[in-house]
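As structure tokens, the structure follows; a few thoughts come after it.
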Amino acid sequence: MEGHKSKIGKDQMRQYMGGLYENSMVIFREYLQNACDAVEQAVQAGLITNRKDANIAVTIDQYNKRIIIHDIGIGIARKNIPSYLVDVASSQKFNKHLVGRHGIGRLNGANYCDSIIYETSYSGEPFKSTLVWDVKEAKRLCSDDTIEFGTTEIIDKVTDLKPQEPESSEVHYCKVILENVNDPQLMDEQAVREYISEIVSVDYSLEFKENSLGPSLDLPMNAGYEDRFDSLWVYKITVNEEPVEKTYRSEYNDKHLGVLQCFTLIDDKTQEELAWGWFALNRTAEQLNDLPFSYIRARHHNFQIGGKDLLNQYHKGATAPAYSVGELHITHPDINPTATRDGIEGGPERRKLETALRKYLAKIYEQYNKASKFRSEVVGKVATLNAEIARLKLTAKSEVDSDEKAKLRESAKKKSEERKTAFTLLPKYQEYFEAAGLWSVAEDIVEAVNISIIEPYNTRTNVQKSDAQIPELKIEEFKPSQPKHHKTDSSSQPRQNAEPTDKPQNPSGNANPQNSLNGPDIIVSPTVTNEMDDYKGLSVVERALVRKFLSVINSMTELPEKQKTKMKLRLRKKIIK
């Protein structure tokens, strides 16, 4: 306004120096976000060929109370240091593909230390530049009510660009050094590692990729999504030289992730892509509570937006979020995080995303409901009854009293009828899994039930001594019977390209038709091909070793089948825990 010189008050300076955030750990997100952008710019400039090779090193120096974030990104030319590192809220990042956008993150550490030092070298410049922010002095000036300085005057007084020092013209880097850190949480190495693994764009663990992501991407229903995962920006970040990875695991305590399912959210009217993502249920279709990676989380450029529960409001029901884990990667160019990255910016595109997300989460809600009931009403009941029938038979076999033996056999017959009743509920689930192309989810349920019910029964001492193990359930028992040579839809095929059964549906639910109530007690060993289904969660190398072991056992013609079966059960028990 003419005749008036505008002024930015000291309160704004306080906001820039960490007042925008309640959680002090956010400083790692902000500084690593800038470091990743610097690496990305170096990749675009041809200085780095692979972003995953450009390590971003976080050092937590407990002794000196110092934090260092060191990247080998593009660096900052000395002439640009005033505009890049001194000016506030004037970001020079005009590339929409970069994560940082507002230019307010570089001072977030000021609230937790006495000074911030930037050491940087730009490719082609034979020197390094050092800028020092005396944030201790900045705090004093902000708190002194007798001083009339505004934000810009304070910045000018507390920043000092040091004389340049010799450096190789070929190197390029930037170091952010926080001196005399006063927040214990920021110096907690494990807490920092956990925060980075959750928030920053690091890679999935090898265990997760081999046992969950890789096998899931081989499924027809996830066709085309491998390129999506390959295109995710992933950076190598270490904390005190130890690499950091995302927290996802295929198994965590007693939770076992089922097949990953990929999806794309599209605006119904314009057909514009809004986001893509993946999710997984618990194999038992029960809640996934208290995991480091709970809930489906929003991400932008592979950085998490907001807290883990940001998207929970869009689920159908208060408990619904706890049934799935996963990621939602926002891709629409007009949908972005807020300045503080604690939410998603408003506007019509955001509303389109919310509408599409609600619809898809409703489908997930239906899926875990169906899967849960399929487990409790059919598969779990059949497995429990199979074990109970086998127990009654085993007890009857050793019973000397004829009346008691008859009672046990009668009880077993009743259990067999209950098993048939459980199978009468199967058609409605067959119809759902067939129509949705989700037999892989049903297979997860079967595997989980085998682990929780069949395996504990088979490892009982009296069962093993009597060689009276019962066969594990197979997904083919629960699928609609297929006529021979009938071509089925690929989306309904079980995993690992297993062939659909040509046998008619066995109404008793017994995987071995010969093992009826009055039939033989010995379980015939399945073929090596079927046996490998039990090890599908292992890596390729591990499966190859198991296949060799099983081949050796099967080739031992001098051994009785009962002994071979016993050896295979012991092998499975040692490998699959």
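The values are calculated or read from the model by the stated rules, or taken from the named source; none is laboratory data. Given the structure is predicted, the values throughout are model-derived calculations rather than measurements. With ideal geometry, Cβ positions are generated from the backbone for all residues, glycine too; neighbour counts draw on all protein chains shown. To get the accessible areas, we keep the full protein, side chains included, count just its heavy atoms, and leave off ligands, DNA and RNA. Shrake-Rupley method; radii C 1.70, N 1.55, O 1.52, S 1.80 Å.
So which residues in region 146-186 are in contact with a helix residue (DSSP H, G or I) (Cβ under 6 Å, 6 or more places away or on another chain) and hydroxyl-bearing (Ser, Thr, Tyr)?
Of everything in region 146-186, those that are in contact with a helix residue (DSSP H, G or I) (Cβ under 6 Å, 6 or more places away or on another chain) and hydroxyl-bearing (Ser, Thr, Tyr) turn out to be Thr151, Thr159.
Check whether at least one residue in region 349-372 is in contact with a strand residue (DSSP E or B) (Cβ under 6 Å, 6 or more places away or on another chain), among the β-branched types (Val, Ile, Thr) and under 29 Å from Glu434 (Cα atoms), and report yes or no.
Looking through region 349-372, at least one residue is in contact with a strand residue (DSSP E or B) (Cβ under 6 Å, 6 or more places away or on another chain), among the β-branched types (Val, Ile, Thr) and under 29 Å from Glu434 (Cα atoms).
Do you know which residues across region 134-151 are closer than 22 Å to Ile117 by Cβ and surrounded by fewer than 16 Cβ atoms within 10 Å (Cβ to Cβ)?
Lys136, Glu137, Arg140
Which residue is most open to solvent (accessible area, probe 1.4 Å), if the candidates are limited to region 285-307 and must be farther than 20 Å from Leu213 by Cβ and not small (Gly, Ala, Ser)?
Selected residue: Asp290.
Looking only at region 445-474, count every residue that is outside any loop (DSSP other than H, G, I, E, B), closer than 11 Å to Leu394 by Cα and hydrophobic (A, V, I, L, M, F, W, C) and tell me the total.
1
From the residues in region 272-300 that are aliphatic (A, V, I, L, M) and over 14 Å from the mean Cα position of the chain (by Cα), which one is farthest from Phe229 (Cα to Cα)?
Ala285
Kindly check whether there is at least one residue in region 113-122 that is modelled with pLDDT under 85, open to solvent by less than 10 Å² (accessible area, probe 1.4 Å), of a type in the set (S, T, N, Q) and under 35 Å from the mean Cα position of the chain (by Cα).
No: zero hits.
Looking at the structure I just gave you, is Leu265 touching a Gly at 6+ places or on another chain (Cβ under 9 Å) and not β-branched (Val, Ile, Thr)?
When the stated conditions are applied, Leu265 passes them.
Identify, by number, the condition in (1) of a type in the set (Val, Ile, Thr); (2) part of a helix (DSSP H, G or I); (3) farther than 21 Å from Ile451 by Cα that Ile389 doesn't meet.
Here Ile389 meets the rest and fails (3).
Take Val200 and decide whether it is in contact (Cβ under 8 Å) with a residue 60 or more places away in the chain, within 30 Å of His332 (Cα to Cα), out of contact with any strand residue (DSSP E or B) (no Cβ under 9 Å at 6 or more places or on another chain) and among the β-branched types (Val, Ile, Thr).
It is false that Val200 is in contact (Cβ under 8 Å) with a residue 60 or more places away in the chain, within 30 Å of His332 (Cα to Cα), out of contact with any strand residue (DSSP E or B) (no Cβ under 9 Å at 6 or more places or on another chain) and among the β-branched types (Val, Ile, Thr).
Tell me which residues, restricted to region 441-454, are over 12 Å from Phe478 (Cα atoms) and open to solvent by less than 30 Å² (accessible area, probe 1.4 Å).
Val441, Asp444, Ala448, Val449, Asn450, Ile454 - these are the residues of region 441-454 that are over 12 Å from Phe478 (Cα atoms) and open to solvent by less than 30 Å² (accessible area, probe 1.4 Å).
Yes/no per residue for (1) modelled with pLDDT under 90; (2) farther than 19 Å from Glu242 by Cα; (3) charged (D, E, K, R); (4) loosely packed, with under 13 Cβ neighbours inside 10 Å:
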| position | (1), (2), (3), (4) |
| --- | --- |
| Ala45 | no, yes, no, yes |
| Ala57 | no, no, no, no |
| Gln62 | no, no, no, yes |
| Ile67 | no, no, no, no |
| Ile74 | no, yes, no, no |
| Lys79 | no, yes, yes, yes |
| Lys93 | yes, yes, yes, no |
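Of all residues in region 241-299, which are acidic (Asp, Glu) and either free of Cβ contacts under 8 Å to residues at least 60 places away in the same chain or closer than 16 Å to Lys359 by Cβ (or both)?
Glu242, Glu245, Glu251, Asp254, Asp267, Asp268, Glu272, Glu273, Asp290, listed by residue number.
Take the residues in region 250-267 that are modelled with pLDDT of 95 or more and open to solvent by 40 Å² or more (accessible area, probe 1.4 Å), then tell me which one is farthest from Ser294 (Cα to Cα).
Taking the candidates together, the pick is Ile266.
Would you confirm whether or not region 329-347 contains a residue that is assigned to a helix (DSSP H, G or I), under 25 Å from Thr270 (Cα atoms), open to solvent by 50 Å² or more (accessible area, probe 1.4 Å) and modelled with pLDDT under 95?
no
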